[in-house]
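Worksheet: one structure, shown below.
Since every read-out is calculated from the coordinates, none of them should be taken as a lab result. Because the structure is a prediction, the values reported are computed rather than measured. Counting neighbours? That spans all protein chains shown, and the Cβs are built from the backbone with ideal geometry, glycine included.
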Amino acid sequence: MATDDAEFRIERTSEGDTPVILRMIKALVDHERLTHEFTVTESVLRDALFGARPAAEVVLGYVGTTPVGFAVYFPTFSTASGRTGLYLEDLYVEPEWRGRGFGRQLLAHVARVAAERGGNGLNWSVLDWNESASRFYQNLGAEQMQDSLSFRLRGQAFDRLAGEAR
């Protein structure tokens, strides 16, 4: 186990990091009480993140040689502004490493990536029961959206609609 005095650093991931990313995703899904939705395998994740058309990017946060957190993000586009941004799919720090500013550093890294790419913001969702995450984001100056609702189309409804496209 790394010590608290080791420096925190953030690194882009490579295909070899897939097992670590999968382990952290599983821990996050367990924390979010969504274990029933966890179906990703190492092979599927590797292809999604490092295949011919990567769906998202991942960075890992380390203390010494120990991976302690990660951020998963992908590009967005606003038709209203004509600008790009990033969508933060997941931000996670292992429970024993929380409270040390690592989540903030991971989020700042993602914001910097968005800015370097000409983006003007970040978007993400928080489960409505996750008050500590909501406070964390609000303390950074993030605004909770009041004028929109999130929707998701999956399963048979998705298959049915996708089948209508010709």
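In table form, for the structure just shown:
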{"quantity": "Global form of the stretch 8-164, assessed from the alpha-carbon gyration tensor, a/c cut-off 1.5", "calculated": "rounded"}
{"quantity": "Ranked list, fewest to most other Cβ atoms within 10 Å of each Cβ, for T35, T79, T84", "calculated": "T79, T35, T84"}
{"quantity": "Residue of L91, L149, L28 that the Gaussian network model of the chain assigns the largest fluctuation, springs spanning Cα pairs under 10 Å", "calculated": "L149"}
{"quantity": "Global form of the stretch 79-149, assessed from the alpha-carbon gyration tensor, a/c cut-off 1.5", "calculated": "oblate"}
{"quantity": "Relative contact order, percent, the chain [alpha-carbon distance under 8 Å, six or more residues apart]", "calculated": "17"}
{"quantity": "Antiparallel bridges, percent of DSSP beta bridges restricted to the chain (to nearest 5)", "calculated": "90"}
{"quantity": "Qualifying trypsin sites (Lys or Arg not before Pro) in the stretch 18-51, DSSP loop, other Cβ atoms within 10 Å at most 13", "calculated": "R33"}
{"quantity": "Given charges at beta-carbon only (K, R positive; D, E negative), |dipole| of the chain in Debye", "calculated": "400"}
{"quantity": "Within the chain, longest stretch clear of exposed GluC sites (Glu not before Pro) (DSSP loop, no more than 11 other Cβ within 10 Å)", "calculated": "8-142"}
{"quantity": "Helical mean residue ellipticity (222 nm; -39500 (n - 2.57) per DSSP H run of 4+; nearest 500) of the chain", "calculated": "-10500 deg cm²/dmol"}
{"quantity": "Lys/Arg +1, Asp/Glu -1 at C-beta; the stretch 8-164 dipole; positive extreme among V126, L161, Q138", "calculated": "Q138"}
{"quantity": "Burial ordering of F151, F50, F158, fewest other beta-carbon atoms within 10 Å first", "calculated": "F151, F158, F50"}
{"quantity": "Approximate shape of the stretch 12-61 as ellipsoid semi-axes (Cα gyration tensor, √5λ), whole Å, largest first", "calculated": "19, 12, 9"}
